[in-house]
Amino acid sequence: MAHRIICPAIARRILVSVRPENLTKCLAVSHRFPARLDLGQNYQYEKHYLHTTRWERQEAANLADEVEHEFQAETRMLLDIVARSLYSDREVFVRELISNASDAIEKARYLALQGAQLDCQENTMKIHITTDKYSKTFTIQDSGIGMTKEELMENLGTIARSGSKAFIKEVQSGGSADPQNIIGQFGVGFYSTFMVSDSVEVYTRSRKYGSKGYKWSSDGCGKYSVVECEGVEPGTKIVCHLKLDDREYADEQTIKNVIKKYSSFVGSPVEVNGEQVNNIQPLWLMEPKEVTAEQHDEFYRYVGGSYDKPRFTLHYRTDAPLSIRAVLYFPEGKPGLFDLNRDASTGVSLYCRRVLIMNKSENILPKWLRFVKGVVDSEDIPLNLSRELLQDSALIRRLRTVIQNRVIRFLLDKSRKEPESYAKFFTDYGIFIKEGIITAQEQVEKEEMAKLVHYESSKTKPGEFVSIPEYVNRMGPGQKEIYYLAAPSRELAESSPYFEAMKKRDVEVLFCFENYDEVVLMQLRQFADKNIVSVEKEMRQDKDSVDFDTGDSALRRSEANALMDWLKSVLTGKCWGVKATPRLESHPCAITVEEMGAARHFVRTQFQQINEDARYSLLQPQLEINPNHPIMVKLNTLRESNPRLGELVAKQLFSNAMVSAGLVEDPRTVLTSMNELLQLALEKH
């Protein structure tokens, strides 16, 4: 115990002013005084007691009653870890103290409603914070339930014991419903004060009638003292004597900013130097029908830090399978470049019983929903001791899945009831949904998100869209696959050689105009047990035989075979095969590769690092020709009558087909022999 220095004169006056029954205790603590005291001197209690000051009498009682205690079940090292290393931001001590004060008030309210006899008035239930820059103190006082001496030693003498948690268990054991606004789950929040304080004093008196006041004090070094104290109001007051480096927390505006960040929505009024600072309503705890659009607009600007309005608002609450209260906003404005960055943080804040746990939670919503802003409050979330980091548990993953599925259902409902509004939303934010399909691990999850995606198709007018479920619902009899075609524009898609056969068979084809659309459908793979296939791959896998015309303007089978053999030799090193296809009608030829979408992605991302010969070796393109096309008929003649011109035409046809397939990084490479081709073609004119 610390050695207390008191001058002999005062010490002698203190001893004579102590009541006789406490003299034995005084003897036990007499070693605190620097001089030996002669208790045999003629000082009578009756003579001198009335002449001692109230402070001296209180000090005497304190010295007689004050006993130091070790923190139970913990060591000084553990206290040091809890107080100095557990939290990442020192400012959270304000949040923890406010949460504890709010709990104390809610306990008093609850017990009063249950009929307990308490010294309690509803109009006094507030949290008062006082800052003093000159004395470097931060003081928080609540008018809550307070503590008896036993509760004080039990709650503040054992690290990681939660009085709030014990209170809830006691209520439950009695068969009553849980108090709805109790926040605390772990008992280490109070000890965060030692991050910023040299010493902490706690003054408390229980609201139970006849309770005495007590003072708890410690410097956080493994010991604490408890002493009876007069003049303590019901409730609890905590005085933090701040360290020099943390004197900023004695500044009024600093504390207001911290409260606005963490504790704007606690159930009790919070005053800082007499001014209430938590005036914003927690909309997510209100009934959705009771909240106006204007309230949502204001709250959206508060939680999202935005100046626009929400495009859509999802306000819902559920108790199964998890307890969730949420308000989620879908921004009206278009996403910025930073929003598109996958490293950007999510815009949803995580609360637990009105207290901010994490400002931008990474685990509650998947990355593809990072554009959504709002609040999620769940009582079922398992937190670590500091309330700051979520445990990577199955429950957290379940919570994320529940919220994601609810968002998908909400957007799907919007697409049906407000198609025009949803179409505008998808134009702005569809890229995030497609990212979700690509990054999702489970096929069921991919298909749920795929319900929100829409494309133009061969059966819609330009600018009109069809969803994948709509496509499936109107598939023709016998059609077993979903077909898509990647092209830079609708005009090129409709004039593509790969689309010809589908158009002739009256099969609907989804048009993908963005480069990443093809990757999305490749990752999706199937929907409703229907494989998703590019029309190019379907063409390559086609094994139907070709019907050769018998007229003079068409090639016979033998001529076609000879032409294909000749093309293989001319295109050696570039073409890995030549075959006749029945799928072409107005086009002379087309290129197919095994996985066209993957090949195009490879061309866009990797071609610059690979030489030309290696490119063709990797792609292994196959030339599919229409033996009935006039160009092929003429080419068959040129290979004998004008071999050089025929060779140039064959190479140009191959290059054109590669460009049409999207497998050429730089189209200028196909022009190398164009001038010679034109010169030979025009010699007879």
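List of remarks:
- Between the listed residues Gly267, Gln253, Met286, the Cα displaced farthest toward the positive end of the dipole of the range 244-287, a dipole computed from Cβ unit charges relative to the Cα centre, is found at Met286.
- In terms of accessible area, using a 1.4 Å probe and ignoring ligands and nucleic acids, Leu244, Leu314, Leu395 rank largest first as Leu244, Leu395, Leu314.
- Solvent-accessible area of Lys223, all protein chains in place: 90 Å² (probe radius 1.4 Å, heavy atoms, ligands and nucleic acids excluded).
- Those residues of the range 608-641 whose amide nitrogen sits under 13 Å from the label point placed on Asn515, 7 Å along Cα→Cβ: 608
- Long-range amide H partners of Phe527 with built H, under 5 Å: Ile532
- The listed residues His601, His241 rank as His601, His241 when sorted by accessible area, largest first, using a 1.4 Å probe.
- Averaging the sequence gap over all C-alpha pairs within less than 8 Å and six or more residues apart, then dividing by the number of residues, gives the range 552-685 a relative contact order of 32 percent.
- Among the listed pairs Lys334/Lys530; Lys424/Lys459; Lys261/Lys434; Lys417/Lys459; Lys360/Lys414, those with a Cα-Cα distance over 28 Å are Lys334/Lys530; Lys261/Lys434.
- Once all protein chains are placed together, Lys461 keeps about 140 Å² accessible to a 1.4 angstrom probe.
The values are calculated or read from the model by the stated rules, or taken from the named source; none is laboratory data. No experiment lies behind these values; they were computed from the predicted model shown. A quick note on method: Cβ atoms are made from the backbone with ideal geometry, for glycine too, and the neighbour counts reach across all protein chains shown. Note: areas computed on protein heavy atoms with side chains; ligands, DNA, RNA excluded. Shrake-Rupley method; radii C 1.70, N 1.55, O 1.52, S 1.80 Å.
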